[in-house]
1. Pick from S187, S182: which is within 30 Å of G296 (Cβ to Cβ) and assigned by TED's automatic domain parsing to the domain that holds C273?
2. For the condition within 14 Å of L158 (Cα to Cα) and either out of contact with any helix residue (DSSP H, G or I) (no Cβ under 6 Å at 6 or more places or on another chain) or of a type in the set (A, V, I, L, M, F, W, C) (or both), what is the one hit in L96, L14, L73?
3. Starting from residues that are within 26 Å of the chain's Cα centre (by Cα) and outside any loop (DSSP other than H, G, I, E, B), keep the ones in the stretch 184-224 and report whichever is surrounded by the fewest Cβ atoms within 10 Å (Cβ to Cβ).
4. Please verify whether T299 is touching a residue at least 12 places away in the same chain (Cβ under 8 Å), β-branched (V, I, T) and in a helix (DSSP H, G or I), treating the condition exactly as stated.
5. Would you say K229 is in the same structural domain as F8 (by TED's automatic domain parsing), within 30 Å of A305 (Cα to Cα) and surrounded by fewer than 19 Cβ atoms within 10 Å (Cβ to Cβ)?
6. Report yes if some residue within the stretch 160-180 is part of a loop (DSSP other than H, G, I, E, B) and of a type in the set (D, E); otherwise report no.
Amino acid sequence: MVKIVESFVEIYPLNSIENIKKHIERCGRTCYKSEDKITDTSAEQFVEGILKSGHESVIEHANLIFKTGSENLEKIKELASKVKGLNYLQFATELLVSGNMRTFRDISRLGYNDFDTWFRQNGLEVFANQDSSALCLVGELSLKGIQYLDKVSQDDDLNNITVHMITNLSCYKDITRHRLASFSIESTRFCNYSKGKYGSELTILKPVNLDEGTPEYAEWLACMQDTEKHYMKMCELGCRADQSRLCLPHSIKADVIMTANVKEWKHIFNLRCDKAAHPDVRKVMLSALELFYNEGYTTFNDLYAKFLPDIEEFRRK
């Protein structure tokens, strides 16, 4: 019997240096559903393994905002043209420079040691490359914010928000079309749902656009039950998860970790909360927008007002 669940959205907060590695581990273990392996001391080893494997997309979920002197403007512009994810805001005498952990490692790979030096001084030496030697910035480099400056900030390019979504395969296929974001997603290639860890069942997202109790819903449910039977049979025959997953439908549940800056979140909400978007995508994105608003991120106030009738419509479903 398949397990049917509803979509869900929550924010994964990050606001201290001490939690950066733990945050990355929490995001990264979603891919293999190995959250049960998280301990008080497991984050360092997990991050080391991620960096050794080269799969650095996971460390993109942690964003740092630094302050430096305005005399570094031209160098920051140059770096921003060479690496992805580096954003900056210019003031009269200082710059705010924002990037994720992968961004700063990419700067290090250009041969510059500025951020590596800061990492080593602040307990984040695991992220530092060992072969960079030159400094490219002058003056002091100091931390201004982690992930976000403050909830009333309007600096959309600098501020990142990470969310955990429970959705389905069809929904995340649409969401991952947005390139200016980072994703860690439950992997059907490695997760074998015939195992007791997963309840020896398939978990399916309840559809938004089919009404329970109708013939259409009954037909969909019968298809899901039949799919589960064939999936489990393939596992019994000795198929690996990457073989058995060939049976899986668009309705299969997916845990998704998504990080984007506020500017990109606004772009996504304008597209994916609109009535032209798929109902499953609309539901999860309207939920995210309402969550951001309720959490006090005032920069989303106008979008919340725009889509409030849609949010209220989906609340009734």
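1. Going through S187, S182 in turn, just one is within 30 Å of G296 (Cβ to Cβ) and assigned by TED's automatic domain parsing to the domain that holds C273: S182.
2. L96
3. K197
4. Considered against the rule, which asks whether it is touching a residue at least 12 places away in the same chain (Cβ under 8 Å), β-branched (V, I, T) and in a helix (DSSP H, G or I), T299 comes out as yes.
5. No, not satisfied.
6. No, the stretch 160-180 has no match at all.
The values are calculated or read from the model by the stated rules, or taken from the named source; none is laboratory data. Since this is a predicted model, take the numbers as computed values, not measurements. Quick reminder, even Gly has a Cβ in these numbers, built from the backbone with ideal geometry, and neighbours come from all protein chains shown.
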